[in-house]
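Derivation of every value follows stated rules applied to the coordinates shown; laboratory data play no part. Everything numeric in this text was worked out from a predicted model, so none of it was measured. Positions of Cβ are generated from backbone atoms using ideal geometry, with glycine treated the same way; all protein chains shown enter the neighbour counts.
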Amino acid sequence: MIEFRDVTVIYDNDIIGLENVSFKIEKGEFVFLVGKTGAGKSSAIKLLTGEIKPYAGDVIVNGITVNTLKNKKLPYLRRSVGVVFQDFRLLPNKTVYENVAFAMEVVRARKKDIRRKVPTILSLVGLSGRAKNYPNELSGGEQQRVCIARALVNSPAIVIADEPTGNLDAETADEIMKLLMEINRMGTTIVMVTHSEKIVNDARRRVIQLESGVVVRDEMEGGYALDVLA
Amino acid sequence: MYSLKTAFSSLGRNAVMTVASIVTIACCLFLFGVFLLFAFNINYIGEQISSQCELQAFIDDAATPADEERILKEISALPNVKSAEFESKEQAFENYKAQLGMEYSESFEGMSGSDILRSSVKIVPDDLTLVKQTELAAKSVRGVARVVNREDIILKVVSATDIIKFGSLIAMLILLITAVFIIQNTIKLSVHAREEEIHIMKFVGATDGFIRRPFVLEGVIVGVIGASIAIVIIAFGYNMAVGGVTEFLDVFKLYSFSQLALPVSGGLMLFGIIMGSLGSRSAIRRHLKV
Ligand SMILES: Nc1ncnc2c1ncn2[C@@H]1O[C@H](COP(=O)(O)OP(=O)(O)OP(=O)(O)O)[C@@H](O)[C@H]1O
Ligand SMILES: [Mg+2]
């Protein structure tokens with residue numbers, strides 16, 4: 001589903017984002033990307049959407065080699081990768097319903113499909129009652145649910161989330177985690193960046209740890225911190 | 001549908017800028033139209049002049065009518081001769097009298113063409129730039145005494161129209177670039193107002209073409225409205241201006257607007273649309289890179 005082969009990312013100012021990173025994520029997995037600030041987590045996420053290109057190596061998503069993909073084809077890759085943002089990025093002048101429907105409209109989905117799909121997704125994320133509200137009338141957790149609904153509405157095979165709970169309190173973060181786990185159970189592959197020790201330790205899922213652009217740990221059912229004794 | 005709705009709401013939101021850019025486009029296209037009309041008429045006048053301009057080959061007094069016929073034939077057969085017309089002494093005399101006007105007609109009493117004038121062949125050349133060669137060729141026809149060439153005037157007219165056309169072209173180009181720049185800045189405002197939206201569209205997989213469309217449409221709408229205003233002003237203004245000019249200058253005929261309406265308004269509309277879409281495209285280009 002996702003494969004990094006000896007991927008190196010170098011930014012304009014010669015700063016190394018990732019160095020010879022290789023890993024493989026299978027369909028249906030839930031993977032945490034952890035590591036100190038500047039470790040290269042966001043760089044890894046941005047490679048998946050083609051937002052940045054690797055200096056060397058291959059990034060393969062859904063059978064598509066992203067680094068050699070023509071810019072013209074990039075939109076079609078992005079339809080198979082849903083993105084959840086830390087800061088939600090909802091359109092303030094559109095209602096909850098319109099924000100989610102917008103994601104379908106702009107990929108030219110049929111009206112009929114939009115009318116059918118949006119309410120289904122809103123009920124999945126537990127927001128059926130708030131469809132007519134505007135983002136500034138919602139709590140942070142609710143806004144993040146809208147963002148997740150928007151990421152899901154085009155039925156992507158993969159959902160990537162860069163610190164989706166970063167702006168939420170612990171309790172709300174837990175609820176968002178439950179939702180993401182639920183979505184994962186339904187078959188969507190999820191890659192999530194987090195700094196929350198509690199979330200990772202509670203979930204007991206695969207953990208890929210980066211330090212200074214290098215993979216230092218890749219552990220099934222791992223915890224947040226590198227085990228000192230191991 | 002999405003595009004059209006978005007385009008109009010953007011135009012409404014930036015009403016002041018929209019009006020400003022429509023006015024600017026209208027001005028640019030108005031001037032463009034004036035240049036076009038000017039160029040068309042200069043061309044037309046040039047045509048009229050060159051059809052009036054001629055070489056005149058005077059025939060030796062000793063020539064018989066048979067000679068005259070042969071000379072006309074030979075000259076007609078020369079290269080670069082559009083038409084050749086024989087003018088007898090009598091005709092020349094009549095023309096001459098007519099040119100001088102009635103008040104002098106008495107002084108010609110008792111005279112006839114054969115006393116003072118020669119018969120000639122009037123030659124209208126095809127290509128004015130080759131008129132020198134034609135002159136030499138006509139001179140070498142047997143029985144031709146002298147060839148008079150009004151080349152200086154002709155060439156002056158030709159080069160004057162060339163300079164005017166070239167100058168208009170440059171001025172037009174500068175105006176058009178200015179107009180594109182202004183549309184670009186108007187659309188940049190709309191792009192800026194919808195940056196977040198564009199960003200999200202990119203992330204959920206909208207194609208660049210889809211994202212660009214409402215902005216291009218916005219630019220095209222501005223271009224079309226501007227062009228329409230310019231066309232209306234020109235249509236009213238032109239016939240008035242032509243009326244004024246013709247009072248002083250009735251030697252030459254000028255086009256009426258209806259003769260030029262199609263090419264001129266078509267040209268303005270086309271330019272309005274092209275400028276609108278060019279301006280929009282360049283305004284949004286940077287934002288599509290994510
Ligand atoms: N656009 C950029 N230009 C230059 N350097 C960059 C850019 N983006 C990231 N970097 C650098 O690349 C390295 C990895 O950054 P990255 O954003 O991937 O880290 P991260 O693990 O996501 O950190 P954080 O936890 O703070 O979000 C850092 O040293 C960072 O300064
Ligand atoms: Mg980051």
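Some points to look at:
- Only the Cβ atoms of Lys and Arg (+1) and of Asp and Glu (-1) were treated as charged; on that basis the dipole of chain A about its Cα centre amounts to roughly 1540 debye.
- Potential lengthening between A:Lys46 and A:Asp6 on full extension [0.36 nm per residue; Cα-Cα distance subtracted]: 12.8 nm
- Comparing A:Arg205, A:Arg145, A:Arg116 in a Gaussian network model of chain A where C-alpha atoms under 10 Å apart are linked, the largest mean-square fluctuation is found at A:Arg116.
- For the set B:Lys97/B:Lys122; A:Lys46/B:Lys188; B:Lys122/B:Lys253; A:Lys46/A:Lys72; B:Lys97/B:Lys139; A:Lys24/A:Lys70, the pairs lying more than 25 angstrom apart at their alpha carbons are A:Lys46/B:Lys188; B:Lys97/B:Lys139.
- Here the Gaussian network model covers chain B, with springs between Cα atoms less than 10 Å apart; of B:Ala160, B:Ala241, B:Ala98, B:Ala98 fluctuates the most.
- Proximal aspartates and glutamates relative to B:Lys73, as straight alpha-carbon distance under 19 Å, when same-chain residues fewer than 8 apart are discounted: B:Glu54, B:Asp60, B:Asp61, B:Glu85, B:Glu87, B:Asp126, B:Glu135
- Within straight-line cross-link reach of A:Lys117, lysines at Cα separation under 26 Å, skipping those fewer than 8 residues along the same chain: A:Lys27, A:Lys73, A:Lys94, A:Lys132, A:Lys178, B:Lys5, B:Lys202
- Scattering curve values for the protein assembly as shown, log₁₀ I(q)/I(0), Debye with Cα scatterers, q = 0.10, 0.12 Å⁻¹: -0.89, -1.10
- Potential extension, B:Arg146-B:Leu130 segment - 0.36 nm per residue separation minus Cα distance: 3.9 nm
- Values of log10 I(q)/I(0), in the order q = 0.07, 0.14, 0.15 Å⁻¹, for chain B under a Debye, Cα-only, solvent-free model: -0.49, -1.01, -1.08
- Taking chymotrypsin sites (Phe, Trp or Tyr not before Pro) in DSSP loop states with no more than 16 other Cβ atoms inside 10 Å as exposed sites, chain A has its longest site-free stretch at A:56-230.
- Among B:Gly46, B:Gly244, B:Gly276: highest mean-square fluctuation, GNM of chain B, C-alpha pairs under 10 Å: B:Gly244
- Neighbours of B:Ile221, meaning other residues whose beta-carbon lies under 15 angstrom from its beta-carbon, give a summed charge of +4 when Lys and Arg score +1 and Asp and Glu score -1.
- Take every pair of alpha-carbon atoms less than 8 Å apart whose residues are at least six positions apart; their mean separation over the length of chain A yields a relative contact order of 27 percent.
- Charged side chains reduced to their Cβ positions (Lys and Arg at +1, Asp and Glu at -1) give the protein assembly as shown a dipole of some 2560 debye around its Cα centre.
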